[in-house]
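Following: one structure in structure tokens, then a few remarks.
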Amino acid sequence: MKSKLPSVSIVIPVVAVNDYIQESIPKILELDWPDYEIIVIPDKPDRKHRWPKTKIIASGKVGPAEKRDMTLKYARGEILAFLDDDAYPEPDWLRRAVKHFRRKKVAAVGGPAMTPADDDVLQKTSGAVFESFLGAGGARSRYLPIGKPRRIDDWPTVNFLVRFDAFAQLGGFDSSYWPGEDTKLCLDLINAGYEIVYEPKAIVYHHRRSNLRKHFYQIGNYALHRGHFARIYPETSRRLFYFVPLLFDLYLLGLIVQFSSSGFPLGLVLIPLLLYLVGVLVDGSVAVWRWRNPLLGILTPLMILLTHVWYGIRFGQGFLTRKLASQQFND
């Protein structure tokens, strides 16, 4: 006799019901899963939009973490499945992810958030940075279905499923951090003795930022909180990988100082820069091949470079900050 499949509550925090939500919910309603509900949490009540299996619950003007915490009161699912408002899943998303919860020790599952094919060229450039070897390194599996299922200790909530009981046990997210509340929740789960699993085939599609300002705002916030977490939560954030952009900035600064004092630097000191430039050009070529758009061969290398420089600056700022100020929830 087959065991009953667990019920799932799909949770989407949003400022207001927008075009992305109106795109994603019809796709969510195509999921191959017998028992699930959708909970959309905007700031204000919304009586204009209605969908099957969907609750729309107003939260007031609070952050994404606090909105997700509301599911402790309103969700009926044994599994909470978190999505961003600008993301939507493959039809087999839940079947791919939920199977890992058969092991009682597994409290959470994360999968990749891929760039949709209908994103415009700037969005695909932003996505190409996250997918690139130099741009993301070991974090590429967050954006591409890479490798096999494995244990992980940190994952973003754009595509993240967690047992209701484990989430309730920890009291939900630490809403004093945004972004970064997902990293803190993962750390709390690990410290409580649970496991988190990466499932590469549990795919969602995540629209990238639509302009350069939004891209760098997002990157800057990620880096600021990762730098601060490297200071206060070294277990999962004080890793060399996260420090590399800061070290790269210091290297570039050294080249600039040498140039201003004694002319253009030569010799072995330039080898890291030359290797880096070759790497970003290769990543640009990969982006051209992936999307069949030659413009990405120009935009991607430049964006990787600027992203690394900005990430390093903000990471250093976060690492040196004793306490981060509260963020405004407007992006």
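What region 55-158 shows is 40 Å² of accessible area per residue, with the surface traced by a 1.4 Å probe over protein heavy atoms. Diagonalising the gyration tensor over the Cα atoms of region 167-296 and scaling each eigenvalue by 5 before taking the square root yields semi-axes of 35, 23, 15 Å, largest first. Ligands, DNA and RNA left out, the accessible area of the chain computed with a 1.4 Å probe is 61% carbon and sulfur. Using every pair of separate Cα atoms, the Kirkwood estimate puts the hydrodynamic radius of region 205-265 at 14.0 angstrom.
For region 227-331, the solvent-accessible area of protein heavy atoms averages 62 Å² per residue (probe radius 1.4 Å; ligands and nucleic acids excluded).
Dividing the radius of gyration of the alpha carbons in region 171-231 by their Kirkwood radius gives 1.03 for Rg/Rh.
Note on region 1-106: Lys pairs 8 or more places apart or on different chains, Cα atoms under 19 Å apart, count 16.
How much FRET efficiency would the formula 1/(1 + (r/R0)^6) give for residue 20 and residue 278, where r is the Cβ-Cβ distance and R0 is 41 Å, rounded to 0.05? The formula returns an efficiency of 0.65 here. Using equal-weight Cα scatterers in the Debye expression, the normalised intensity of region 230-331 in log10 at q = 0.13, 0.15, 0.16, 0.24 Å⁻¹ is -0.67, -0.84, -0.91, -1.20. Magnitude of the charge dipole for the chain, about its Cα centre and with charges confined to Cβ atoms of Lys, Arg (+1) and Asp, Glu (-1), is about 600 debye.
Normalising by residue count, region 57-125 has a Cα convex hull of 147 Å³ per residue. Between residue 292 and residue 55, the contour length at 0.36 nm per residue exceeds the Cα-Cα span by 81.3 nm.
D by Stokes-Einstein for region 244-304, Kirkwood Rh over Cα pairs, 10 °C, 1.306 mPa s: 122 µm²/s. Here region 70-105 is scanned for amide nitrogen atoms under 17 Å from the site 7 Å beyond the Cα of residue 210 along Cα-to-Cβ, giving 85-88.
What is the helix-to-structure angle for 240-262, meaning the angle in degrees between its Cα long axis and the longest Cα principal axis of the chain, kept from 0 to 90 and rounded to the nearest 10? Compared with the principal axis, the helix lies near 20 degrees. Only aspartates and glutamates eight or more places from residue 323 in sequence, or on another chain, were considered; those with a Cα closer than 17 Å are 174, 181.
Counting only alpha carbon atoms, the long axis of helix 181-191 and the longest principal axis of the chain meet at about 70°. Expressed as a whole number of Å, what is the distance separating the alpha-carbon centroids of region 223-299 and region 40-87? So the separation of the two Cα centres works out to 38 Å. Compared with the dominant principal axis of the Cα atoms in the chain, helix 212-232 is inclined by about 90°. Panel note: the C-alpha atoms of region 56-170, placed on their principal axes, show extents of 40, 36, 25 Å (largest first).
Note on the chain: dipole from Cβ charges, positive end direction compared against 324, 257, 270; the farthest Cα belongs to 324. The Rg/Rh ratio for the chain is 0.99, where Rg is the radius of gyration of the alpha carbons and Rh is the Kirkwood radius. I need the Debye-formula profile for region 1-99: one equal scatterer per C-alpha, no solvent, reported as log10 I(q)/I(0) at q = 0.12, 0.13, 0.17, 0.24 1/Å, two decimals. One equal scatterer on each Cα of region 1-99 leads to -0.36, -0.42, -0.71, -1.37. Taken over region 113-174, the percentage of Cα pairs per 5 Å bin, counting from 0 up to the bin with the maximum distance, is 4, 14, 21, 21, 14, 12, 9, 5, 1. Heavy atoms of the protein chains alone define the surface here; on that basis region 10-54 has 50 Å² accessible area per residue at 1.4 Å probe size.
The values are calculated or read from the model by the stated rules, or taken from the named source; none is laboratory data. It should be emphasised that the depicted structure is a prediction, and the values quoted were computed from it without experimental measurement. Glycine also receives a Cβ, built like all others from the backbone with ideal geometry; neighbour counts cover every protein chain displayed. Heavy atoms of the whole protein, side chains included, go into the accessibility calculation; ligands, DNA and RNA do not. Shrake-Rupley method; radii C 1.70, N 1.55, O 1.52, S 1.80 Å.
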